[in-house]
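Taking it in order: structure first as structure tokens, then the write-up.
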Amino acid sequence: MKANYLIRASLLVTLNFFWLMGNTQTIGIDGPFMDQLLKIKAELFSSPEYSNQEKQTAEIVLKHLNETKPDFLHKNVGGYGIIAGYKGNLPGPSVMFRCELDAIKTEKGNEHLCGHDGHMTILLGLSKIVSADRNFHGTIWLLFQPAEEIGEGAARMVKDMEAMGLRFDYSFAIHNSPKFDLNSVVIHEGVYAAGSVGMEIHFKGSPSHAAYPHQAVSPYNALIETAAYMQSLNKAENVFQGFILGTVVNMTLGEINYGVTPGEGYLRMTLRSFIDPDLDKLCALMEEFARKKAAEQGLEVRFAFFDRFPATVNDTKANEMVVAAAKAENLGIIYAKEPTRGSDDFAFFATSSTSSYFNIGNGKGADIHTVGYKFSPGIIETALKLYRNLIYNVKIQN
Ligand SMILES: [Zn+2]
Ligand SMILES: [Zn+2]
């Protein structure tokens, strides 16, 4: 009881309402403003570009950002990435909001089937709001990330930002989710998305004529046994602290040659976990097993790792701010039962700042990346109201 009361009281004292902040030129999130934003969304929707090719998209974003006269405007960060900064009238932390520039590749060409056009529109709407009314604490940074779909953009931006001497105290990001009711705010306590890594195991023996297989050192058994070992780890109990999953994505053995017993082969897997030490352990166990099999069977073994993502982990403090901002708008809040299995490179921003990555329900329907998916434009208004509350009414502490 007492603890509950204290939490409520602390949420109340962190709320500072508009009228306390002095005179403002507040932009109302009303019909005409939304019409203006829907036009921007249509513009972005009609020029979808694949990861690392977001040239035109970046130009559209820059055109709209320039109208708001940001205090800082960095382009070509980590590719076509853009970061715009707006200084508030009051001292405070640097607070970043992230969206993505890229579309996905489909049979029809490039399409915005992940809703990134909507996410960009939210931040362009926010650029107009924060530019017009500077009665906020600290500096607001709006970040447009390239190559999210292939998981390259965030790490590259972080690297460039280090060289620029730019860092954020807080980071926030929204992703729409067709798994939840429209406009519901979905909070992940702790882990938002799994960490993952691509692992390649290369076994090398020696080939022989197909008629004399006993003269070859074939990696056949080592490949099959190692893949089966990975499957057994998926079901293992009391080995890992949390969820892990290994998926075989590719396996090759020898070549298409009916006269040859193969001498080498590859096993390629994507390994994922909700807790980073589990991923290290999973990789180590796979490596140990493959080395054992190689030694038993007279094979050489080599390992390569690709696209390592840390798990995206939310901070309680940042989550509480999102919840307070959502409650002030009477938005429905859902606490997610489990993290997202897929990885997200927002992790690279999350690890270096106090962060919250949350979902807004898109209304139940076709999932992202599938035929029939449609971004629900109502999310733009919901997200803007939430972000506006976060910036002006919820005190973001240093
Ligand atoms: Zn996507
Ligand atoms: Zn996406």
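Read-outs throughout are calculated quantities, based only on the coordinates presented, and are distinct from any laboratory measurement. Source: prediction; values computed, not measured. As a convention, Cβ positions derive from the backbone with ideal geometry for all residues, glycine included, and neighbour counts pool all protein chains shown.
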Cross-link list 39/337; 63/327; 41/179: which exceed 32 angstrom alpha carbon to alpha carbon? 39/337; 63/327
Footprinting exposure proxy for 127, 353 (fewest neighbouring C-beta atoms within 10 Å first): 353, 127
Spacing of the two label points (7 Å from each Cα toward its C-beta) at residue 59 and residue 248, in nm: 4.7
Which lysines have a Cα lying under 19 Å from the Cα of residue 292, excluding residues fewer than 8 positions away in the same chain? 204, 281
Between residue 175 and residues 5 or more places away or on another chain, the pairs with built amide H atoms under 5 Å apart involve 358, 359, 360
Please work out the C-alpha center-to-center distance from segment 109-157 to segment 235-284 and express it in whole Å. 35
FRET efficiency, 1/(1 + (r/R0)^6) with R0 35 Å, evaluated for residue 167 and residue 33 via beta carbons: 0.65
Using a 7 Å offset from the Cα along the Cα-to-Cβ direction at both residue 47 and residue 204, what is the distance between the two label points in nm, to one decimal? 4.8
Among 99, 114, rank each residue by its count of other Cβ atoms within 10 Å, from fewest to most, as a rough exposure measure. 114, 99
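Suppose every K and R has +1 on its Cβ and every D and E has -1 on its Cβ; what is the size of the dipole of the chain about the Cα centre, in Debye to the nearest 20? Don't skip to the end; give the middle numbers.
On the way: 37 positive and 43 negative charges, 171 e Å.
Using only the charged Cβ atoms, the result is roughly 820 debye.
For each of 128, 108, count neighbouring Cβ atoms within 10 Å of the residue's Cβ, then give the residues from fewest to most. Before the final figure, lay out each step's value.
Numbers: 128 19, 108 8.
Fewest-to-most ranking of 128, 108: 108, 128.
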What lysines sit close enough to residue 69 to cross-link, taking a C-alpha to C-alpha distance under 19 Å and skipping anything fewer than 8 places away on the same chain? 87, 128
Helix 31-45 vs. the chain, principal-axis angle (Cα, 0 to 90°, nearest 10): 30
For the chain, evaluate the Debye formula with one uniform point scatterer on each Cα (no solvent term) and list log10 I(q)/I(0) at q = 0.07, 0.11, 0.14, 0.15 Å⁻¹, rounded to two decimals. -0.39, -0.83, -1.19, -1.32
